[in-house]
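Below is one structure, written out as structure tokens; the observations come after it.
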Amino acid sequence: MAAKVPNREEAYELLTRYTKSENLINHALAVEAVMAHFAEKFDPENKEKWQVIGLVHDLDYEMYPDEHCLKVREILEEENWPEDYIRAIQSHGWKLCCDVEPVEKMEKVLYTVDELTGLVVAAVLMRPSKSVLDLNVKSLKKKWKQKSFAAGVNREVVEEGARMLGMELDEVFAETIKAMQGAAEELGLKGNL
């Protein structure tokens, strides 16, 4: 049976079947928004594919934390998802919890922005406005340099991902912020502006 290309609605339904945590769902929505933004830049005709992959990238994380990026293959094969979607999702855990190296542009973007969206959210929540709309690269860089701030964010992954993409860190920061600003309402990051 040929693999079925999932649409955004199907991906969201699958995400909410395996993920109950509001924080994890919000993280998935943030990564989806950033992936959609980068798709506009690098691969506009496949924007929904990028979105779907961003949306379900942590599908197995809540229920199978010890098998993260591995169990997802089994789940998505059962759902008859295409191999390139499964591979892309697994690749964001490269060197962290699996050995699938990001090689496609989309995989490299996912690998880079997954951790970075967490830093952006943490930075936003520390702002007086609690809004992503007034966050800029300079403010984010300041938080980035404080290793104790959002210590769970793997900065080496973000740096390596930016190198893989051939982008400066500042540019990755700027594009990620811009993407999340565009989805501020959906992400609950509009704050009191």
Residue in the stretch 68-86 that is surrounded by fewer than 20 Cβ atoms within 10 Å (Cβ to Cβ), closer than 23 Å to Arg155 by Cα and acidic (Asp, Glu) present: no
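Got a sec? Which of Asp170, Asp114, Asp134 is touching a residue at least 12 places away in the same chain (Cβ under 8 Å), in a loop (DSSP other than H, G, I, E, B) and at negative phi?
The unique qualifying residue is Asp134.
Please specify each residue of the stretch 2-31 satisfying the condition of being under 14 Å from the mean Cα position of the chain (by Cα) and surrounded by fewer than 19 Cβ atoms within 10 Å (Cβ to Cβ).
Asn23, Leu24, Ile25, Asn26
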Residue in the stretch 37-51 that is free of Cβ contacts under 8 Å to residues at least 24 places away in the same chain and more than 13 Å from Lys105 (Cα to Cα) present: yes
Members of the stretch 62-94 found to be outside any helix (DSSP H, G or I) and without any contact (Cβ under 8 Å) to a residue 60 or more places away in the chain, listed by number: Glu62, Met63, Tyr64, His68, Cys69, Leu70, His92, Gly93, Trp94
Subset of the stretch 160-193 (residues that are surrounded by fewer than 16 Cβ atoms within 10 Å (Cβ to Cβ) and acidic (Asp, Glu)): Glu168, Asp170, Glu171, Glu185, Glu186
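Every number here is computed from the coordinates shown, using simple stated rules; none is lab data. Please read these numbers as outputs of a predicted model, since none were measured by experiment. Note that we place each Cβ from the backbone using ideal geometry, even for glycine, and neighbour counts take in every protein chain shown.
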